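One structure is given here, and the rest of the page talks about it.
Just so you know, all these numbers are worked out from the coordinates, no wet-lab data involved. From a predicted model like this one, the values you see are computed outputs, not experimental measurements. Positions of Cβ are backbone-derived with ideal geometry, glycine not excepted, and every protein chain shown enters the neighbour counts.
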Amino acid sequence: AWAFVAACGAISGGSLTALDLSLSNMCAEGLELLAPTLQGLRELRRLDLSSNSLGPGHDCAAALGKALSSLMNLRQLILGVFDAGGAITEPAQLDDPYQKRNTAAQAVGLASAIAPLRHLARLDFSGHAMGAAGLERLEAAARGLSLAELDIRSNRLGPEAADSLAALIASHRSSVRSLRLGAIDCALGYRDRNHVGPAGIGALASALMGSRGITALDMSFMECGEDGATALAAALGQLWSITRLALSGNSIGPGGAEAVSGALAQMEGMTSLDLSFNGVRAAGATALSGTLRRLGAVTWLDLSYNHLCEDGARGLAHLAPALAAMPSLHGLDLRDTGGLPLAVRDGLAAEVAGSRSL
């Protein structure tokens, strides 16, 4: 990172539009050295500083604020703790409770650093465990922006953060296209998931009303439950433009599956749907089967770990004809079928696949 920072000095004031310094172990000292160079890159549109140990022990907020102070044309800022594959670069640090508290405190300051970036359209602030205090600061800093992409997964946002999260969504619902609120798909990211609960989901559902330009929504592992799913279904029924939806790990149960199935039927442009780890069972599978027949554009579907093998695999039996009728389906996850006899599994697989190569 140090050598690259020095090399960047040669292009200061030039026409560089994208700079990726992710996974560089830069820390606050590196940001301090980088700041003068960044201030000269006035045409910069995309900056990736993800997975750079921007955490405890340093005044990273001040360093980041200094580095961003002149980037008035910046459109994309990526500050996620995790890399693109979901790997944590410093698991030992994140495992330590004292360090985690410091990281959350740093996140409050980091959130404030984005306030001057009036043209920012994409913000990745995932994996900082910022909690309610950090979210409140982020919501205030982002009020004057028109974000099209927002990723704040795995930030330890509990029920007490629901109002700030709803306000953040509401202030960007006319501009947002991609909204990732759930959990990063790894063990520690799940631990820091945004578990707002059923009442919190209800507040978010109200905020989502009117976000008709949204195409991607991730609300995985937010402890939605059946009541939250019912509230969310009302909002989803208006979000016809969604093409990618992740509601995994929300324990919506059969009742929640029935509630959301009607809304999903309106999303005829859906290409990716994740309903895994929801315990929909046979009754929920029956409700979903009619909806799935209408989702002809879906290419990836995850229904794993939904207890579909109970009662003689009635859930799978209800789903199989609907899955077979989905013409664009090329990827399907139905794990958790280990209790079925091999012959039954093979028969269901053949029915679903038909003449396709799944």
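For an R0 of 41 angstrom, estimate the FRET efficiency from the Cβ-Cβ distance between H119 and E160 and round to the nearest 0.05.
Result of the calculation: an efficiency of 0.80.
Filter the trypsin sites (Lys or Arg not before Pro) in the stretch 250-306 to those in DSSP coil with at most 10 other Cβ atoms within 10 Å of their Cβ, and list the result.
none
Tabulate in residue order the Karplus-calculated ³J(HN,Hα) for the stretch 137-151, using 6.51 cos²θ - 1.76 cosθ + 1.60 with θ = phi - 60°, rounded to whole Hz; enter x for Gly and Pro.
With the stated coefficients, the stretch 137-151 comes to 5, 5, 4, 5, 5, 8, 4, x, 9, 10, 6, 9, 9, 9, 10 Hz.
Can you work out ³J(HN,Hα) from phi for every residue in the stretch 166-177, in order, using Karplus 6.51 cos²θ - 1.76 cosθ + 1.60 and θ = phi - 60°, giving whole Hz and x for Gly and Pro?
Karplus-based 3J(HN,Hα) across the stretch 166-177 equals 5, 5, 4, 5, 4, 6, 10, 5, 7, 10, 5, 10 Hz.
For labels at A350 and M72 in the simple 7 Å Cα→Cβ model, what's the distance in nm?
Placing both labels 7 Å beyond Cα along the Cβ direction yields 6.9 nm.
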